[in-house]
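The values are calculated or read from the model by the stated rules, or taken from the named source; none is laboratory data. A quick note: this is a predicted structure, and the numbers were derived from the prediction, not measured. So basically every Cβ, Gly included, is an ideal-geometry build from the backbone, and we count neighbours across all protein chains shown. Only protein heavy atoms, including side chains, enter the accessible area calculation; ligands, DNA and RNA are left aside. Shrake-Rupley method; radii C 1.70, N 1.55, O 1.52, S 1.80 Å.
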Amino acid sequence: MGTSKQEMMERHLIDRGISDPRVLQAMWEVDRSLFVPEEIRQQSYEDKALPIGMGQTISQPYIVAYMAQAMGLGPEDVVLEVGTGCGYNAAVLARIVSRVYSIEVIEWLARLAPENLTRSGTGNVTTRQGDGYLGWPEAAPFDAIMLTAAPPVIPKPLTQQLKIGGRLLAPVGTNLQRLVMLVRARENYFVEKELMPVKFVPMTGEAQRRH
Ligand code: SAM
């Protein structure tokens with residue numbers, strides 16, 4: 001028998017500092033087992049990234065909750081996620097904000113995520129396939145932008161799609177990655193803060209070429 005959802009909530013989220021009631025409610029509402037392959041469903045609530053096939057992973061619950069809490073999201077916010085994967089993080093965000101736009105570069109995941117999102121009863125996520133380097137200009141500006149794949153440096157086009165006061169949260173780096181929060185304080189003035197060391201898959205495509 002693996003970890004229960006109740007144990008995940010108490011031991012891995014609340015005991016480790018997740019206290020935002022809207023984040024906790026969203027983590028409780030989303031059935032993570034709908035986003036993991038059937039063979040490993042009993043591990044759905046373990047606090048670790050799990051393999052979902054072809055070298056890809058579903059994010060660790062604590063990190064999903066930590067990132068959502070760190071961004072200080074509100075019910076009216078519009079958020080861009082780069083790296084939809086299987087759609088789990090988008091399903092959590094969608095329960096906290098008004099709309100989520102999410103881009104995934106790998107075709108089979110870009111097809112799988114909307115199916116998972118529908119099965120989980122998530123209606124306010126718009127997904128598309130593509131390289132997230134250039135963001136989603138037609139839907140910009142965003143209150144928050146979250147990357148779930150690590151670029152060597154934060155892509156400039158994404159910073160330009162933040163509202164004034166908007167926050168971008170990204171794992172940044174190659175071997176050693178750190179979670180970086182960028183706040184657009186004014187049109188051309190950004191404040192950067194390092195939160196903690198992390199380990200995400202690398203952001204592929206243009207982010208690697210431009211570096
Ligand atoms: N958000 C996912 C979840 O809820 O479990 C986890 C995503 S996984 C850690 C990172 C994802 O970023 C992978 O699916 C990967 O294909 C995607 N990715 C990598 N580079 C990308 C890029 N340039 N544009 C969009 N997605 C990218």
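Tabulated data
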item: Sole exception among (1) open to solvent by less than 20 Å² (accessible area, probe 1.4 Å); (2) under 23 Å from E192 (Cβ atoms); (3) near the ligand (Cβ under 10 Å from one of its atoms) for G85, by number; result: (2)
item: Boolean, E194 is closer than 20 Å to Q60 by Cα, out of contact with any helix residue (DSSP H, G or I) (no Cβ under 6 Å at 6 or more places or on another chain), not in a loop (DSSP other than H, G, I, E, B) and not aliphatic (A, V, I, L, M); result: yes
item: Residues that are without any contact (Cβ under 8 Å) to a residue 24 or more places away in the chain and not polar (S, T, N, Q), drawn from segment 18-52; result: P21, W28, P37, E38, E39, I40, R41, K48, A49, L50, P51
item: Matching option when the condition is within 13 Å of the ligand (Cβ to nearest atom) and over 17 Å from the mean Cα position of the chain (by Cα), among G17, G2, G53; result: G53
item: Qualifying positions in segment 103-133 - crowded, with 21+ Cβ neighbours inside 10 Å and near the ligand (Cβ under 9 Å from one of its atoms); result: I103, E104, L109, A113, G132, Y133
item: Scan of segment 69-82 for residues that are open to solvent by less than 10 Å² (accessible area, probe 1.4 Å) and over 8 Å from the mean Cα position of the chain (by Cα), ordered by number; result: M71, V79, L80
item: Candidate set: segment 162-171, residues that are open to solvent by less than 10 Å² (accessible area, probe 1.4 Å) and in contact with a Leu (Cβ under 8 Å, 6 or more places away or on another chain); chosen: the one nearest to A68 (Cα to Cα); result: L169
item: Residue within segment 189-205 that is surrounded by 19 or more Cβ atoms within 10 Å (Cβ to Cβ), of a type in the set (F, W, Y) and touching a strand residue (DSSP E or B) at 6+ places or on another chain (Cβ under 7 Å) present; result: yes
item: Elements of type strands (runs of 3 or more DSSP E) in segment 97-180, at least 1 residues being free of Cβ contacts under 8 Å to residues at least 60 places away in the same chain and of a type in the set (A, V, I, L, M, F, W, C); result: 99-104, 125-129, 162-172
item: In segment 140-161, the residues that are over 16 Å from the mean Cα position of the chain (by Cα), within 20 Å of D77 (Cβ to Cβ) and open to solvent by less than 20 Å² (accessible area, probe 1.4 Å); result: T159, Q161
item: From the options L176, L112, L117, residue that is at pLDDT below 95 and touching a strand residue (DSSP E or B) at 6+ places or on another chain (Cβ under 9 Å); result: L176
item: Count of residues meeting criterion [within 14 Å of the ligand (Cβ to nearest atom) and either among the charged types (D, E, K, R) or under 14 Å from L168 (Cβ atoms) (or both)] in segment 134-143; result: 2
item: Candidate set: segment 1-42, residues that are open to solvent by less than 50 Å² (accessible area, probe 1.4 Å) and among the charged types (D, E, K, R); chosen: the one nearest to S120 (Cα to Cα); result: R32
